[in-house]
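As structure tokens, the structure follows; a few thoughts come after it.
The values are calculated or read from the model by the stated rules, or taken from the named source; none is laboratory data. A quick note: this is a predicted structure, and the numbers were derived from the prediction, not measured. Here the Cβ positions follow ideal geometry from the backbone for every residue, glycine too, while neighbour counts run over all protein chains shown.
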Amino acid sequence: MNTGDQINALMAKGIEAFKRKRYDEAIEAFQEAYNLANNQEILNLINMAKNAKSIQEQEYQAAANEAKHRANVMGIKVEDVNKAIAEYADALKNNPNDDSAKNNLASAYYIRGVTFTSKGEHDKAIADYSEAIKYEPNYPHALNKRGQEYTANCDFGKAIADFEELLRLDPNHNAAKGFLSGAYLGRGAAYDKNGDYARAIPDFEKVLELEPDNNTARELLEMAKAEMAKS
């Protein structure tokens with residue numbers, strides 16, 4: 001493999017890692033590419049990934065703080081959440097119609113899910129948010145968190161479903177509108193990358209419906225329409 005091919009492979013690896021919010025992997029790949037090319041554009045990508053990592057670390061800390069706060073409200077410690085889940089599950093097993101046990105169990109699963117979120121363990125977090133929603137279907141916080149985790153996993157269809165349900169429950173949830181827009185943009189970009197312009201175009205249009213000033217979506221929409229016209 002020549003140097004140009006190595007750089008392209010490293011760039012592709014870094015971009016894919018960045019999309020999946022695996023910023024350490026992205027930084028490493030971009031840095032290797034920069035060592036080969038000494039290119040300012042690659043250096044900009046390194047700095048962008050470092051900034052994103054810093055923001056992610058802040059988000060992880062916020063999630064850890066949230067888990068601790070919610071556990072305190074329930075009168076338990078974060079480290080005891082597994083025990084609490086077992087106890088509430090037993091209570092519900094003994095009395096399946098106990099709404100209090102359902103709510104407590106949903107809250108305990110949510111706390112554990114947020115703890116997993118704070119560690120970047122997306123799949124485990126999704127599983128716990130799903131359990132929380134199972135016991136409390138109209139659980140805005142769990143829908144919001146699960147939608148964000150699906151987005152991080154590039155599972156945009158499921159993310160969109162969660163954010164749309166969240167907006168149905170709370171039409172004025174402005175943050176959910178932003179997350180929903182991001183999920184549509186991510187899915188549209190994935191379709192666009194695969195040349196599936198017929199499905200990319202409606203997603204970009206949905207982004208602009210939610211965020212009329214989203215220039216990225218507007219540019220991608222125009223390019224997708226141009227490519228569609230060629231076929």
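Things to note:
Condition check ((1) outside the structural domain of Ala161 (by TED's automatic domain parsing); (2) free of Cβ contacts under 8 Å to residues at least 12 places away in the same chain; (3) among the small types (Gly, Ala, Ser)) across all residues:
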{"residue": "Met74", "(1), (2), (3)": "yes, no, no"}
{"residue": "Glu79", "(1), (2), (3)": "yes, yes, no"}
{"residue": "Ala84", "(1), (2), (3)": "yes, no, yes"}
{"residue": "Ala89", "(1), (2), (3)": "yes, no, yes"}
{"residue": "Ser100", "(1), (2), (3)": "yes, yes, yes"}
{"residue": "Ser107", "(1), (2), (3)": "yes, no, yes"}
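- Restricting attention to the stretch 15-60 and to residues that are of a type in the set (Asp, Glu) and surrounded by fewer than 18 Cβ atoms within 10 Å (Cβ to Cβ), the residue that is farthest from the chain's Cα centre (by Cα) turns out to be Glu41.
- Extreme residue, nearest to Tyr135 (Cα to Cα), among residues of the stretch 61-90 that are of a type in the set (Gly, Ala, Ser) and surrounded by fewer than 15 Cβ atoms within 10 Å (Cβ to Cβ): Ala86
- Leading residue by the ranking (farthest from Asp123 (Cα to Cα)) among those in the stretch 1-14 that are free of Cβ contacts under 8 Å to residues at least 24 places away in the same chain and either part of a helix (DSSP H, G or I) or in the same structural domain as Gly182 (by TED's automatic domain parsing) (or both): Gly4
- Those helices (runs of 4 or more DSSP H) of the stretch 116-228 in which 2 or more residues are among the β-branched types (Val, Ile, Thr) and surrounded by fewer than 18 Cβ atoms within 10 Å (Cβ to Cβ) are absent.
- Qualifying residue in the stretch 122-143 (condition: among the basic types (Lys, Arg) and closer than 29 Å to Phe18 by Cα): yes
- Taking the stretch 99-134 as the range and being of a type in the set (D, E, K, R), at pLDDT 95 or above and under 19 Å from Asn65 (Cα atoms) as the test, the residues that pass are Arg112, Lys124, Asp128.
- Matching residues in the stretch 136-170 - criterion: being among the β-branched types (Val, Ile, Thr) and over 12 Å from Leu180 (Cα atoms): none
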